[in-house]
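The values are calculated or read from the model by the stated rules, or taken from the named source; none is laboratory data. Quantities reported herein were computed from a predicted structural model and do not represent experimental measurements. Here the Cβ is made from the backbone with ideal geometry for all residues, glycine too, and neighbour counts use every protein chain on show.
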Amino acid sequence: MALTRININLATFSYRNKGLEWGLIVLSCAVVLGLSAYLIHLALVYQKEILSYSNKIARIERAIAKDRRAGRKGATKLDKKELKLLESDVQFVQDLIVRDIFPWDTVLGAVERNMPRGIYLERLETDIGRRKLYLGGTAGSMENISVFLKNLDLNEMFKTSQLVKFSVGEGENPGREGSGLIHFDIECRLATEVIMKKFKTWMSGLAPAEGGSAKKE
């Protein structure tokens, strides 16, 4: 009986040139870094422009207040066109401040500091105008919610705080603290002027004073 020849392929992996894949990865990283740098640059430019407008408005307000204290009437009587332009500029600045550099970290820090034991937040939302903050979560008792509302009312960054909705959970242990027995929704009206004043104070503290030294509080 004649023996037949058997062919065996010992290659178990397919090899290919991965230079193209690495090139695409490097290119993608470069694009991401470029976009990030561009967005950071835009944020700094807009922030500088907003602070410039804010300083101009503050100087005008100080000048008007000084004239009033001196018993003089304001010397500015704008016509309709100038008044409309000024209102447009003020609204533009306010919109930019609210959208781009509104210090939400300060607001959230105040919420955290005023939150008593037994309160657990699960949701935070804002309205379109960033004038209201909605808090949703759970509490072990109505007393916890009452203390939370009282603490928020005592904080100057919140104009009003009210409980708009609550419900008692089913099948939960009412004797366990923080078990989520009561689900609540709280609406807070933000004191935007107070919040921005605190933000400006913080920004001025970061600015270097004359002589090259930083201003200390």
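Details
- Segment 161-173, subset charged (D, E, K, R) and more than 29 Å from the chain's Cα centre (by Cα), residue modelled with the highest pLDDT: E170
- Filtering R130, R176 for residues that are at pLDDT below 90 and buried (at least 16 other Cβ atoms within 10 Å of the Cβ) leaves a single hit, R130.
A quick yes/no check of all residues on (1) at pLDDT 75 or above; (2) assigned to a helix (DSSP H, G or I); (3) not basic (K, R):
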position	(1), (2), (3)
A37	yes, yes, yes
A58	yes, yes, yes
A63	yes, yes, yes
K73	no, no, no
K81	yes, yes, no
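- Any chance Y134 is more than 21 Å from I195 (Cβ to Cβ) and of a type in the set (S, T, Y): no
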